[in-house]
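Have a look at the structure below before the remarks.
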Amino acid sequence: AEGVEPYFCHEGETAISLADIAAGSADADPEGFVAVGGWSLFAATDAAGDRELWRTDGTVAGTSLLANLSPSAGSAPAAFHPVAGGVLFTADDAQHGRELWFSDGTAAGTAMVADLAPGPMSSQPADFEAIGGAVVFAAETLAAGRELWVTAGTPESTRSEERRVGK
C-alpha cells in the first residue's frame, strides 16, 4: 500500500516503516543511506516528485526531511561519503549546478562546501576517496577541465590539487 519507502529492522525483529515519503502507493525510492554516529542521511522522492535530503535515526519520530536544497525542483542528493563530523555529498540547488555539499545531520549544518564551477554550470564532483584526514575527488571546471580536488569538508580546506602542484 505504501510503495518503496524507508524501513528499519533490528536483527530478528519485524521491519517498521519509517515514513510514507511519497504518500500512498507512489515510490519514494530511498537510496544512498550513509550512517554517521546514530543517524543516517539518504535521498528520497516526495509526493510532489522532488528528490531531496532526508535524515533518520532509525525511528518513525526521527525520520524527516532534513533540507529542501532546491525549493524550485528536486536537488537529487547523491554520492554520500562519511567524513569527520558528517557527510559529504553532491546536490543541485538549481542555482549552482551539481556541486559539493556537507551536512552534520542538522538543517543549520547543511550547506554547499564550494561552487567549484561558479554559476549554474555543474562541477560534477565524483569518485570520493578518503586519504588521511581528507577526501580526494574528481571535479570539472571550465578553466581546467576534470581534475583532482581535496577537501576536509569546509570551504577553506577545498582546493584543486592540480593547481597546488603547479599545473
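Brief remarks on what is shown
- Dipole of the chain [Lys/Arg +1, Asp/Glu -1 at C-beta], most positive-end residue of G37, F102, T141: T141
- Computed FRET value (nearest 0.05) for A126 with A23, which takes r as the C-beta separation and R₀ as 30 Å: 0.40
- Share of carbon and sulfur in the accessible heavy-atom surface of the chain [1.4 Å probe, %]: 55
- Projecting the Cα atoms of L65, F128, T14 onto the charge dipole of segment 1-157, computed from C-beta unit charges around the Cα centre, puts F128 farthest toward the positive end.
- Neighbour cut-off at most 12 other Cβ (10 Å), DSSP loop, GluC sites (Glu not before Pro), segment 1-87: E11, E13
- Accessible area in square angstrom per residue, the chain, 1.4 angstrom probe: 49
- Potential lengthening between E13 and A111 on full extension [0.36 nm per residue; Cα-Cα distance subtracted]: 31.6 nm
The values are calculated or read from the model by the stated rules, or taken from the named source; none is laboratory data. It should be emphasised that the depicted structure is a prediction, and the values quoted were computed from it without experimental measurement. Glycine also receives a Cβ, built like all others from the backbone with ideal geometry; neighbour counts cover every protein chain displayed. Please note that ligands, DNA and RNA were not included when accessible areas were found on the heavy atoms of the full protein model with its side chains. Shrake-Rupley method; radii C 1.70, N 1.55, O 1.52, S 1.80 Å.
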